[in-house]
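Q: If you scroll down you'll find the structure; I have some questions about it.
The values are calculated or read from the model by the stated rules, or taken from the named source; none is laboratory data. Predicted model, so just to flag it, every value in this text is computed and none were measured. Every residue, glycine as well, gets a Cβ built from its backbone with ideal geometry; the counts of neighbours run over all protein chains shown. Please note that ligands, DNA and RNA were not included when accessible areas were found on the heavy atoms of the full protein model with its side chains. Shrake-Rupley method; radii C 1.70, N 1.55, O 1.52, S 1.80 Å.
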There are 2 protein chains.
Amino acid sequence: MPILVMKFGGTSVATLDRIHRASKRVAREVANGYDVIVIVSAMSGRTNELVGWVEETSPLFDAREYDAVVSSGENVTAGLMALRLQEMDVPARSWQGWQVPVKTTGVHSAARIEEIPSENIMAKFGEGMRVAVVAGFQGIADDGRITTLGRGGSDTTAVAFAAAFGAERCDIYTDVDGVYTTDPRISDKARKLDRIAFEEMLELASLGAKVLQTRSVELAMRYKVKLRVLSSFEEYDPNAGTLVCDEEDIMESKVVAGVAYQRDEAKMTLISVADRPGIASAIFTPLAEAGVNVDMIVQNISEEGRTDMTFSCPVDQVARAEKAVTDAKARGDINFHDIVADKDVAKISVVGIGMRSHTGIAAKMFDVLSKEGINIKVITTSEIKISVLIDRKYMELAVQALHDAFELEKA
Amino acid sequence: MPILVMKFGGTSVATLDRIHRASKRVAREVANGYDVIVIVSAMSGRTNELVGWVEETSPLFDAREYDAVVSSGENVTAGLMALRLQEMDVPARSWQGWQVPVKTTGVHSAARIEEIPSENIMAKFGEGMRVAVVAGFQGIADDGRITTLGRGGSDTTAVAFAAAFGAERCDIYTDVDGVYTTDPRISDKARKLDRIAFEEMLELASLGAKVLQTRSVELAMRYKVKLRVLSSFEEYDPNAGTLVCDEEDIMESKVVAGVAYQRDEAKMTLISVADRPGIASAIFTPLAEAGVNVDMIVQNISEEGRTDMTFSCPVDQVARAEKAVTDAKARGDINFHDIVADKDVAKISVVGIGMRSHTGIAAKMFDVLSKEGINIKVITTSEIKISVLIDRKYMELAVQALHDAFELEKA
């Protein structure tokens with residue numbers, strides 16, 4: 001029988017009643033003729049509670065013990081859903097990560113899946129089991145200890161199972177009904193996309209449209225796993241949600257797929273940096289070591305051997321970033337006249353596979369913003385994305401204006 | 001280094017603060033020179049919550065899934081205590097049942113420990129680890145699925161580890177400070193025993209002094225594991241609690257160790273049963289199959305080929321017992337004139353190893369009850385115990401009078 005992977009996030013299994021509803025969806029797919037692998041998260045709130053206990057017990061915790069404690073939440077959901085399915089006369093059983101086993105690297109709390117042997121579960125399917133309910137987010141390292149994949153890791157678990165078992169599709173059930181052209185809270189013209197290319201999804205996910213964990217999309221792209229995002233709170237509809245798929249599976253893709261934003265950004269500029277080979281490395285290595293998530297980087301034109309270096313990072317990392325570069329200056333590793341931090345910026349991005357073959361998208365974007373009187377502070381571009389930093393107060397306006405200009409409300 | 005096993009029950013690890021306090025006790029024993037194996041229960045209330053979820057999800061649950069869900073509580077405590085010990089600079093790590101592995105039978109929810117290989121943990125002790133924190137109550141069956149040992153199974157886990165690792169002692173930390181001559185809530189003269197023989201503890205435990213799980217005492221007796229019961233809420237005292245040990249390790253044992261009671265008993269009599277070989281089996285097999293916990297059994301003198309058969313069971317099982325024997329009568333398996341159930345009885349037992357060599361204990365017991373005007377309804381005796389059923393309203397009076405008469409308040 002064809003295999004379907006279904007993943008239910010924390011809000012979709014938050015209560016016994018929701019586990020019941022999720023189980024009904026699973027039972028329907030069994031009735032549709034699938035053998036189903038269900039990947040479950042912990043019941044909403046559980047993981048936070050467990051993490052809180054770990055952090056209170058040991059602020060600089062041993063990540064191996066963190067993993068042992070935090071992974072327990074998923075195990076509870078897996079057992080409960082298997083029981084619920086059995087109540088519906090669907091042959092089901094639960095699997096904890098180590099039972100499959102989901103083999104991972106030994107990097108605790110941020111492990112990567114290395115291998116998922118399919119024999120055990122396939123043997124059970126062969127014996128008449130119809131649903132394997134697998135605890136997401138977890139695995140086992142070579143030394144036999146439990147690992148976790150990092151927050152949102154259940155999405156990655158789901159895609160990895162879909163790849164390992166050659167699943168027809170991987171359905172990610174969550175609390176939104178799909179991927180939108182932009183955040184519906186900002187533009188009431190936001191439209192749900194029926195399909196979106198992996199590459200576009202990657203840009204949107206990492207830019208703030210937090211529907212899927214980035215790694216899960218990367219993995220799906222590499223193994224060509226068809227990924228569907230849909231709501232577990234809507235009525236059943238075989239065409240619901242958004243299909244994240246290969247570019248070639250999208251018949252007529254629009255030039256621009258969506259407008260993303262990141263609200264709480266800061267722009268930092270090191271004024272008059274001595275420009276020499278290796279200077280970028282000398283600046284950004286200490287920032288990385290200090291745990292600063294540097295996003296955009298722009299180096300202005302060099303004059304008389306000195307340059308201005310501008311970068312963006314989350315606004316709550318500004319103090320840490322200032323300390324890192326000031327310390328580097330004190331050590332004599334770098335030299336600059338001043339640091340200027342602008343904490344009131346937001347990032348707006350226009351994303352679309354079609355940009356590869358269409359020119360003028362950037363020009364149009366700049367024109368739209370200009371007509372609204374919005375000053376652009378920094379620009380970066382990639383093959384399928386253009387991002388700008390603007391004053392935070394114009395963020396909503398910019399998103400709405402760009403959404404209108406690229407006519408994203410139209411299918 | 002000598003090995004000590006320490007077990008902390010649910011109330012002793014109910015909060016992060018209590019886990020902290022328990023960890024301090026462990027750290028002290030490490031400082032005393034022990035390598036320590038800690039067996040932990042789930043945080044108080046957790047197991048009940050998980051069991052509630054299972055029962056609500058699936059009233060006739062698959063015991064394998066029950067075990068997978070319910071065992072998660074102990075895993076959380078084990079990880080948290082390992083973290084807390086690390087914070088105190090005590091080298092510690094957690095072990096889940098399957099990691100040791102604690103090998104059990106495949107009887108889910110009521111598994112028995114078959115083997116605990118010591119290599120893994122001993123190797124870690126050899127590398128400098130000082131504390132292995134093991135999740136109690138759980139193990140792994142041959143097929144790789146998680147099992148649990150039944151309620152109170154963490155005591156059994158602790159004793160089994162003490163036996164497997166040749167531990168010097170097994171300390172059971174709980175919410176009482178030892179084993180008493182009787183329930184202090186009933187007699188204010190109740191005295192804590194410094195030592196008690198395994199056999200006495202077994203009789204007391206199964207009779208209502210619910211301090212230790214019966215199976216754990218049986219196991220300790222078989223492997224001669226010195227077992228100490230003590231409170232996790234008292235100040236540290238190396239001589240605290242009650243040592244449950246071999247008869248030979250008790251220098252001067254009193255004739256009577258304690259007075260136990262069971263409040264909610266019922267006495268049932270089948271009137272005028274046709275007396276023939278196999279009749280007892282014909283009556284008690286259907287009762288066992290119906291899940292009735294028959295305790296005392298008395299068969300009166302047979303007259304003219306008929307006899308009265310009396311037995312006791314918990315009062316909430318009377319309806320089930322009546323149905324079982326009535327059904328058996330309907331099938332023609334047994335024959336009797338009537339059933340009489342007395343739901344207002346309690347059981348009082350006097351327990352002591354010394355009875356083996358002292359005569360007259362039974363006579364004294366009957367005399368004491370007689371002087372208080374308490375009528376005895378049923379009597380059974382074993383080598384180290386005499387039990388009687390009396391009207392429930394006299395229960396406290398009987399316990400107090402017997403405690404006084406045997407001078408149990410004196411050491």
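Q: Excluding B:Ser187 itself, what net charge comes from residues whose Cβ is under 9 Å from its Cβ, given Lys and Arg +1 and Asp and Glu -1? List each step's numbers first, then the result.
A: Details: positive: B:Arg185, B:Lys189; negative: B:Asp183, B:Asp188, B:Glu396, B:Asp404, B:Glu409.
The answer is -3.
Q: Per residue of segment B:386-394, in order, report the coupling 6.51 cos²θ - 1.76 cosθ + 1.60 (Karplus, θ = phi - 60°) as ³J(HN,Hα) in whole Hz, putting x for Gly and Pro.
A: With coefficients 6.51, -1.76 and 1.60, one gets 10, 10, 9, 9, 9, 4, 4, 5, 8 Hz.
Q: I'd like the carbon and sulfur percentage of the solvent accessible area for segment B:1-82, probe radius 1.4 Å, heavy atoms only, ligands and nucleic acids excluded. List each step's numbers first, then the result.
A: Values: 1230 of 2510 Å².
After summing per-atom areas, the C and S share lands at 49 percent.
Q: Another question about this same structure. Could you list which residues have their amide H under 5 Å from that of B:Asp308, counting only those 5 or more apart in sequence or on another chain, with H placed in the peptide plane?
A: B:Ser272, B:Val273, B:Asn300
Q: Here's something else I'd like to know. Per-residue HN-Hα couplings for segment B:137-150, Karplus 6.51 cos²θ - 1.76 cosθ + 1.60 at θ = phi - 60°, whole Hz, x for Gly and Pro?
A: Per-residue couplings from phi come out as 6, 9, x, 9, 8, 4, 7, x, 9, 6, 10, 10, 9, x Hz.
Q: On average, how many beta carbons from a partner chain sit within 10 Å of the beta carbon of a residue in A:58-69? Walk me through the numbers before you get to the answer.
A: Values: counts 9, 2, 3, 6, 8, 0, 5, 13, 2, 1, 14, 10.
If you average over the peptide's residues, the count of other-chain Cβ atoms is 6.
Q: Here is a follow-up. What is the sum of charges, Lys and Arg at +1 and Asp and Glu at -1, for the other residues whose Cβ falls under 14 Å from the Cβ of A:Arg64? Walk me through the numbers on the way to the answer.
A: On the way: positive: A:Arg145, B:Arg93, B:Lys124; negative: A:Asp62, A:Glu65, A:Asp67, A:Asp142, A:Asp143.
So the environment of A:Arg64 carries a net charge of -2.
Q: May I pose another question? What are the GluC sites (Glu not before Pro) within segment B:109-152 that DSSP puts in a loop, where the Cβ has at most 11 other Cβ atoms within 10 Å?
A: On the way: sites: B:Glu114, B:Glu115, B:Glu119, B:Glu127; in loops: B:Glu127.
Qualifying residues, ordered by number: B:Glu127.
Q: For A:Asp342, which sequence-distant residues (separation of 5 or more, or a different chain) have an amide H within less than 5 Å of its own amide H, given hydrogens modelled in the peptide plane?
A: So A:Asp342 has HN proximity to A:Lys267, A:Met268, A:Thr269.
Q: For segment A:335-408, give the percent of accessible area contributed by carbon and sulfur heavy atoms, probe 1.4 Å, rounded to a whole number.
A: Within segment A:335-408, the accessible surface is 46 percent carbon and sulfur.
Q: Once ligands and nucleic acids are excluded and a 1.4 Å probe is used, how much of A:Asp327 is accessible, expressed in Å² to the nearest 10?
A: Estimated to the nearest 10 Å², A:Asp327 gives 60 Å².
Q: Add +1 for every Lys or Arg and -1 for every Asp or Glu among the other residues with Cβ under 13 Å from the Cβ of A:Ala319, and state the total. Each step should come with its number before you reach the end.
A: On the way: positive: A:Arg320, A:Lys323, A:Lys343; negative: A:Asp316, A:Glu322, A:Asp327.
Once all neighbours under 13 Å are counted, the net charge is 0.
Q: While we're here: Run through the other copies and list how far each one's label point is from that of B:Ala319, in nm with one decimal, shortest first; the point sits 7 Å from Cα along Cα-Cβ.
A: With the label placed 7 Å along Cα→Cβ, B:Ala319 yields 6.5 nm.
Q: Follow-up question, since we're still on this one. Rounded to the nearest Å, what's the spacing between the alpha carbon centres of segment A:356-411 and segment B:167-195? Just the number, please.
A: Between the Cα centre of segment A:356-411 and that of segment B:167-195, the gap is 76 Å.
Q: Picking from B:Ala68, B:Ala330, B:Met365, whose Cα lies most toward the positive end of the charge dipole for the protein assembly as shown (charges on Cβ: Lys, Arg +1; Asp, Glu -1)?
A: It is B:Met365, whose Cα lies furthest towards the positive end.
Q: At B:Ser281, with labels set 7 Å past Cα in the Cβ direction, how many nm apart are the copies from this one, shortest first?
A: So the distances to the same position in the other copies read 8.8 nm.
Q: Count neighbours as other Cβ atoms within 10 Å of each site's Cβ, and list the GluC sites (Glu not before Pro) in segment A:256-355 that are DSSP loop with at most 14 such neighbours. Walk me through the numbers on the way to the answer.
A: Working: sites: A:Glu265, A:Glu289, A:Glu303, A:Glu304, A:Glu322; in loops: A:Glu304.
Those satisfying the criteria are A:Glu304.
Q: Can I ask one more? Give the accessible surface of the protein assembly as shown per residue, rounded to a whole number of Å², with probe radius 1.4 Å and ligands, DNA and RNA excluded. It would help to have the intermediate numbers written out before the result.
A: Numbers: 34200 Å² over 822 residues.
Heavy-atom SASA per residue in the protein assembly as shown reads 42 Å².
Q: Relative contact order (percent) for chain B, with alpha-carbon contacts under 8 angstrom and 6 or more residues of separation?
A: Numbers: 882 pairs, mean separation 56.4, N = 411.
In percent, rounded to a whole number, it is 14.
Q: While we're looking at this one, here's another question. If one takes the accessible area of chain A alone plus chain B alone and subtracts that of the pair, with a 1.4 Å probe, what total in Å², rounded to the nearest 100, results? Write out the running numbers ahead of the final one.
A: Numbers: alone 18710 and 18720 Å², together 34200 Å².
Result for this pair: about 3200 Å² buried.
Q: Just to confirm the numbers: B:Ala110, label point 7 angstrom along the Cα-Cβ line, distances to the other copies in nm, shortest first?
A: 4.9
Q: Something else: If I take the rotation axis that carries chain B onto chain A, which residue of chain B has the nearest beta-carbon, and at how many angstrom?
A: It is B:Ser72, 2, counting Cβ atoms only.
Q: Each residue of segment A:239-245 in turn: what ³J(HN,Hα) in whole Hz from Karplus with 6.51, -1.76, 1.60 and θ = phi - 60°, glycine and Pro shown as x?
A: Working through the residues one at a time gives 10, 5, x, 10, 8, 9, 8 Hz.
Q: For B:Asp177, what residues show an amide H to amide H distance below 5 Å, using hydrogens built from the backbone and excluding near sequence neighbours?
A: So B:Asp177 has HN proximity to no qualifying residue.
Q: Are there any residues in segment A:90-133 with a reduction of at least 20 Å² in accessible surface when going from the isolated chain to the assembly of protein chains? Probe 1.4 Å, please list them by number.
A: A:Arg93, A:Ser94, A:Gln96, A:Trp98, A:Gln99
Q: I'd like the distance separating the alpha-carbon centroids of segment A:126-155 and segment B:64-127, in whole Å.
A: Going from one Cα centre to the other spans 19 Å.
Q: Moving on to the next point. Which loop-located chymotrypsin sites (Phe, Trp or Tyr not before Pro) does segment A:293-368 contain, where loop means any DSSP state but H, G, I, E or B and the Cβ has at most 11 other Cβ atoms within 10 Å? Can you show the working numbers first?
A: Working: sites: A:Phe311, A:Phe336, A:Phe366; in loops: A:Phe336.
Here no loop site has a sparse enough neighbourhood.
Q: Under a crude label model (7 Å from the Cα following the beta-carbon direction), how far is A:Ala274 from B:Thr105 in nanometres?
A: Taking the two extended label points, one gets 7.9 nm.
Q: Also, quick follow-up: Using 7 Å Cα-to-Cβ label points, what is the B:Lys393/B:Arg222 separation (nm, one decimal)?
A: Simple spin-label model gives 4.6 nm for this pair.
Q: Find the centroid of the Cα atoms in segment B:259-275 and in segment B:291-334, then give the distance between the two in whole Å.
A: 9
Q: Provide the FRET efficiency to the nearest 0.05 for the A:Asp89-B:Ala288 pair, computing r from the beta carbons and using R0 = 41 Å. Could you put the intermediate results ahead of the total?
A: Numbers: r = 31 Å, r/R0 = 0.75.
So the FRET efficiency works out to roughly 0.85.
Q: Compute log10 of I(q)/I(0) for chain A with the Debye formula, placing one identical point scatterer on every Cα and leaving out solvent, at q = 0.11, 0.14 Å⁻¹, to two decimals.
A: Here the Debye-derived log intensity ratios amount to -0.91, -1.25.
Q: Next question, about the same structure. For A:Ile379 paired with A:Arg28, estimate the spin-label separation in nm (one decimal), with each label point 7 Å from Cα along the Cα-to-Cβ line.
A: Between A:Ile379 and A:Arg28, the simple spin-label model gives 4.8 nm.
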